[in-house]
Amino acid sequence: MQEYFSDAIVLDRLANGDLDSRVVFFTKKFGKLAAKAKSARKITSKLSAHLEPGNLIQLRLIEKNGLQIVDALKMSRLTLSPQELYLVSELLAEAEPEFGIWELIVSGKFFWLEVLKILGWDPMLARCSDCSGKALSFHITSQEFYCGSCSSKLPKNKVIYV
Ligand SMILES: [Zn+2]
């Protein structure tokens, strides 16, 4: 049975059936991964407190009809807001390690400007895609930059301000 071990950031946790959870991680070694936690929603589950979004953990997974969480140990709690965790999760591709972004987050020097640059979208070189004005925000769905007034028409939870 294949086993995976990595430091990881808990990005999101969703209910999956009655007792199971599906947890989305940004792992240091393997990039973004989703895995199942059996019975994680039981209050008695020993893993539940370690799998809160925003936690930096040591994670052990096995491959068994998809990825399953075997063990999780909280090391610390990061200062990213739920919205920032959501946007990071949306930006990262599945199973692609991103050491630069990992370092920014765990070192506490998290800036969207740097994150977007690492992913190949440099705000300094960008213009608003509607009016060619100064790029002040990045829309994660269209992956386009917008100026202040054009970005005000976009759904707020999908916009990164740079
Ligand atoms: Zn504009």
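Every number here is computed from the coordinates shown, using simple stated rules; none is lab data. A quick note: this is a predicted structure, and the numbers were derived from the prediction, not measured. Backbone-built Cβ (ideal geometry, glycine too); neighbour counts: all protein chains shown.
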So what are the ³J(HN,Hα) numbers for segment 49-59, from phi and the Karplus equation (6.51, -1.76, 1.60; θ = phi - 60°), rounded to whole Hz, Gly and Pro as x?
5, 7, 9, 6, x, x, 7, 9, 10, 9, 10
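Given a cut-off of 27 Å, name the pairs among 29/109; 36/153; 32/158; 36/156; 28/158; 117/156 whose C-alpha atoms lie farther apart than that in the structure shown.
On the way: 29/109 20 Å; 36/153 37 Å; 32/158 19 Å; 36/156 30 Å; 28/158 25 Å; 117/156 21 Å.
Those over the limit are 36/153; 36/156.
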Cβ-based net charge around residue 99, under 12 Å, with every Lys or Arg adding one and every Asp or Glu removing one:
-2
Check which residues have an amide H placed less than 5 Å from residue 29's amide H, if you skip close sequence neighbours.
7
Could you please state, rounded to a whole Å, how far the C-alpha centre of segment 10-71 is from the C-alpha centre of segment 119-162?
32
³J(HN,Hα), Karplus 6.51/-1.76/1.60, whole Hz, each residue of segment 145-162, x for Gly, Pro
8, 9, 7, x, 6, 5, 6, 5, 7, 8, x, 4, 6, 10, 10, 9, 8, 10
Sorted by chain and then number, the residues having a modelled amide H within less than 5 Å of the amide H of residue 144, at least 5 places away or on another chain, are 139
Which value at 222 nm does the chain reach when only helices count, each DSSP H run of 4 or more adding -39,500 (n - 2.57), with the total divided by all residues and rounded to the nearest 500 deg cm²/dmol?
-4500 deg cm²/dmol
Which are the unpartnered cysteines of the chain, meaning those with no other cysteine Cβ under 4.7 Å from their Cβ?
131, 150
Taking the Cα atoms of the chain, report the difference between the largest and smallest coordinate on each principal axis, in whole Å and largest first.
53, 30, 28
Testing the spin-label approximation: label points 7 Å from Cα along Cα→Cβ at residue 90 and residue 65. State their distance in nm.
3.3
Roughly how tilted is helix 82-91, in degrees to the nearest 10 and between 0 and 90, from the longest Cα axis of the chain?
80
Below 8 Å between Cα atoms, with a sequence gap of 6+, how large is the relative contact order for segment 116-162 in percent?
31
